Amino acid sequence: MKKGIAILGSTGSIGTQTLEVIRENKHRFEVEVLTANSNVDLLVKQAREFLPNAVVIREEAYYQQLRESLSSLDIKVFAGEEALNQVVEFEGIDIVVTAMVGYSGLKPTVSAVKAGKDIALANKETLVVAGKMIIDLARKHGVRILPVDSEHSAVFQCLAGEGFNKIEKIILTASGGPFRNYKPEDLKNVSPAQALDHPNWNMGPKITIDSSSMMNKGFESIEAKWLFNIEPDQIEVLIHPQSIIHSMVQFEDGSIKAQLGIPDMKLPILYALTFPERIKTTFPRLDFAKNPDLKFEPVNNNLFPNLGLAFRAMNEGGNIPCALNAANEVVVKAFLEKKIAFDKMPYLIEKAISNTPFLPGPVIGDLEETDKETREIVWSFING
Ligand code: NDP
Ligand code: MG
């Protein structure tokens, strides 16, 4: 039996790499749904190759073009945000790969979980914004949340076979990004182009900026809390510039397990799609003799205040991580548009989360409100 796959955000970095994995394993997977925001040309190309049951373009202005381009094929064509929530419920889907960016991933993920679909989760912002809600829902509907993020895939792989053995600590590795050796005062003048130039990974623009500012590792810490049911003080972030060790788990007897490999997202994507099986690949193999000097160093918290802000939001809980995410989405956009300097990002995020009225057990409507209000307030800080 082939596994039916839906990819939300098939035209992005994770989406296209997921399709590469599927292309190499066509006998195992059937593409059921592909979606994009506005990149209609690539979506059409992908649909012609993989012949999904349905495609969705979020920007409704592209609907006609998409429909006409695929009119000779037996593919259902939809547009708009609501369609994203509906297509994930389709019958043939076994796994939904959430590869959209930011808050936009939340609602389709909720729909998919409620429809009983397993989730291959790349969209970490969903767990930052609504970790408790998603994990509770997944438990209720008997759904597996399979991590795609390389660090969490590493932890997940380290936990295989460990049963009820307790985690003492998770060590999340971080490359440190392009500014690891900068001084705090040098961050004032870095350009979007410099921040987009990640040393080890080729990713979409938003996560690349998050990596350069360490917010990505803050988000990943929150993601780890929910995925692995641990407390914030059980998470250690460690700089490892080569990105060979993808993360580690320390158990209560003091033993540490690590997962290693060449940095390539196709491996964690494949593991999420085939779990609990491992299948043969032609991916390049790691040669230890060529990587003799694996390096580690602590995080410089003065250089990267975002990490501390993420831990603060995680400790405060409730709707505060949702505000953290919304503020971050706005400042990243403003930085890319050259409206604010790089070092203004943590400053504005701190201001935003300090201004957020605390809600202890937010439901989806509360999160929507927090998201909207935070965006408005941060834009007013920027423009005012
Ligand atoms: P990209 O920007 O490369 O791709 C994003 C995808 O989502 C595109 O298909 C895009 O469509 C679509 N999209 C964007 N905004 C919306 C929206 N509002 N509504 C519907 N669709 C939308 O991102 P990445 O692939 O880099 O990242 C995707 C997710 O995976 C993020 O949450 C990221 O943190 C996570 N992740 C990524 C990693 C990586 O290596 N790239 C590693 C680990 C996690 P269009 O092309 O039309 O704009
Ligand atoms: Mg990661």
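Here are some notes:
- Spread over its residues, the convex hull of the C-alpha atoms of the chain is 144 Å³ per residue.
- A straight line joining the Cα centroids of the range 307-365 and the range 36-79 runs 34 Å.
- Pairs over the 30 Å Cα-Cα cut-off, from the set LYS206/LYS290; LYS217/LYS290; LYS45/LYS117; LYS257/LYS344; LYS45/LYS107; LYS107/LYS188: LYS206/LYS290; LYS257/LYS344; LYS107/LYS188.
- Membrane-span-like helices of the chain, defined as complete DSSP H segments with a Cα extent of 18 Å or more along the helix axis and a mean Kyte hydropathy of at least 0.0, are identified as 125-141, 320-336.
- Amide H to amide H distances under 5 Å link ALA341 with no residue, where only residues 5 or more positions off or on other chains count and H is placed in the peptide plane.
- The chain - mean residue ellipticity at 222 nm from DSSP helices (-39,500 (n - 2.57) per run, n ≥ 4, rounded to 500): -13500 deg cm²/dmol
- Cα-only Debye scattering, the range 24-111: base-10 log of I(q)/I(0) at q = 0.13, 0.18, 0.20 Å⁻¹: -0.39, -0.76, -0.94
- Per residue convex hull volume, Cα atoms of the range 254-384, in Å³: 216
- Calculated FRET efficiency, TYR182 to ARG144, Cβ-Cβ distance, R0 = 45 Å: about 0.65 to the nearest 0.05.
- Distances between placed amide hydrogens fall under 5 Å for LYS3 paired with PHE29, GLU30, all partners being 5 or more residues away or on another chain.
- The chain - share of DSSP beta bridges that are antiparallel (%, nearest 5): 25
- Simple label model, 7 Å out from Cα along Cβ direction - PHE288 to LYS169, nm: 2.3
- Amide H contacts under 5 Å for ILE239, placed H, 5+ residues apart: ALA174, GLU297, VAL299
- Within a straight-line Cα-Cα reach of under 15 Å, LYS140 can be paired with the following aspartates and glutamates, leaving aside sequence neighbours fewer than 8 residues apart in one chain: ASP118.
- Here the peptides 217-226, 183-192, 28-37, 168-177 are ranked by packing, the mean other Cβ count within 10 Å, and the order with the highest first is 217-226, 28-37, 168-177, 183-192.
No value in this document is a laboratory result; all are computed from the given coordinates. Owing to the predicted nature of the structure, the values given are computational and were not obtained by experimental measurement. Quick reminder, even Gly has a Cβ in these numbers, built from the backbone with ideal geometry, and neighbours come from all protein chains shown.
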